[in-house]
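Worksheet: one structure, shown below.
The values are calculated or read from the model by the stated rules, or taken from the named source; none is laboratory data. Computed from a predicted model, the values in this text were never measured in an experiment. Cβ: placed from backbone, ideal geometry, glycine included. Neighbour counts: every protein chain shown.
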Amino acid sequence: MDRHRRPVDTSLWSLRPEFDPGKEECKSGHEAETVVLLSISLVSSPGDGALCQAFFNAIIPDHHAEAFSPPRLAPSGCVDQLVEGLLGGLSRWDAEHFLFIAEHGYLYEHNFAFFPGFPLALLVGTELLRPLRGLLNQRSCLLISVASLNSLFSILAAVALHDLGCLVLHCPRQAFYAALLFCLSPANVFLAAGYSEALFAFLTFSSMGQLERGRGWISGLLFALATGVRSNGLVSVGFLLHSQCRGFFSSLVVSNPLRQFFKLVASVCLSFLTLSLPFALFQYYAYTQFCLSGSARSIREPLVQLAMDKGYRIAEGNEPPWCSWDLPLIYSYIQDVYWNVGFLRYYEFKQVPNFLLAAPVAILVSWATWTYVTTHPWLCLTLGLRRNKNSKTLEKSSLGFLSPQVFVYLVHAVSLLLFGGLCMHIQPVLPGPNSYISRTEILSRREFVCTEEAM
């Protein structure tokens, strides 16, 4: 039987165990489930959800929170008002930041909390609507792009998750149910609104699926694109590292250990470099805007006035404190100052209702972790890299959630739960008008701004 065994792929990006298509691909008999899944995701997609939000947005008054709300600079016609009435509910809270960035660029310091991948996708969508520019202003085009692109991304994410479930769980029925729950989750509001979650989910699920197929290069590039959409894409480097380490231990029996070790080191360094490159480039762009003189963009007068009224920091004022750090990362500064992210900072009595909202998911992840660890103690002790003598029997009998391939995904879920529960802060603490930048600085900044009228 050994002569029929496939050779181990020990290339730089694909250090992983043998690939068995017979186990990993969904059976053709379950193709109908994928069609049903796609139909359900279409029904629950943001495109149809836009109709619901338009109805409730019309009958329920908005909550007047002190959220980011920039002025509308472009003139608005009848068609623009119709688009705003139908899709305006998709532009609340963080969506305003993404729409503002897509329309004006990164002008305010706290805008750099939102990565450029999704705004760039919105700009591509608006280019497709260029023939309608005579009827629609830029904001209307962006709202249409949000509704249409997030509908597409959420459908593709559901299909990618179903495919990933087939590869990992070896149980198409459970893979179908997992994707179905993803489609019907109440959290789908974040897939419908002008947030980056739908695009990030699609890229992340797709990259995981490519990695399960042994296509390390494609997986690494998709993971890097996901990092350009959301910062927590950096955590995905763990999937690449675990796959490479599994491949290293599997190749020791057939290859030179020293040679494989050097390949492992090279692939680990390449993984870190690839996934961190979008983050590093974004931080460098922020450094050029705020820490290097003469590189800031011009800002229209109404937006400068907004900065003066709200206390938003803009370039060409006094140098921000993070510019003098040994490692000048604007993202760390924003998370600390504007969002109050830090260990146990969210633990306040008034936040008890929010903890209760998160309790079901926390309990579910904890229960799943306990079930998996008690079922596969040796696998967990060896970090999923080495298995006992009965590993073949184990793999045949443990399908679905208890499949050995689920280990790295469970570690990912537990890591996010611990970090989210201990350090994350979901409510921004934006500075007041005099907190970080004085009115004198903003007034002096007007010498550098473009005072042309809004187009």
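With respect to residue 139, is the statement that it is of a type in the set (Lys, Arg) and surrounded by fewer than 19 Cβ atoms within 10 Å (Cβ to Cβ) true?
no
What are the pairs, 6+ residues apart or on separate chains, where a residue within region 151-162 that is of a type in the set (Phe, Trp, Tyr) has its Cβ under 6 Å from a residue that is in a helix (DSSP H, G or I) and surrounded by 24 or more Cβ atoms within 10 Å (Cβ to Cβ)?
153/198; 153/199; 153/202
Return the residue satisfying two criteria in turn: it lies in region 98-118 and is assigned to a helix (DSSP H, G or I) and touching a strand residue (DSSP E or B) at 6+ places or on another chain (Cβ under 9 Å), and of such residues it is surrounded by the fewest Cβ atoms within 10 Å (Cβ to Cβ).
104
How many of the residues making up region 117-163 are more than 23 Å from the chain's Cα centre (by Cα) and more than 23 Å from residue 76 (Cα to Cα)?
Residues flagged as more than 23 Å from the chain's Cα centre (by Cα) and more than 23 Å from residue 76 (Cα to Cα) within region 117-163 amount to 0.
Among the residues that make up region 389-406, is at least one of them assigned to a helix (DSSP H, G or I), surrounded by fewer than 13 Cβ atoms within 10 Å (Cβ to Cβ), at pLDDT 85 or above and among the hydrophobic types (A, V, I, L, M, F, W, C)?
No: region 389-406 contains no residue that is assigned to a helix (DSSP H, G or I), surrounded by fewer than 13 Cβ atoms within 10 Å (Cβ to Cβ), at pLDDT 85 or above and among the hydrophobic types (A, V, I, L, M, F, W, C).
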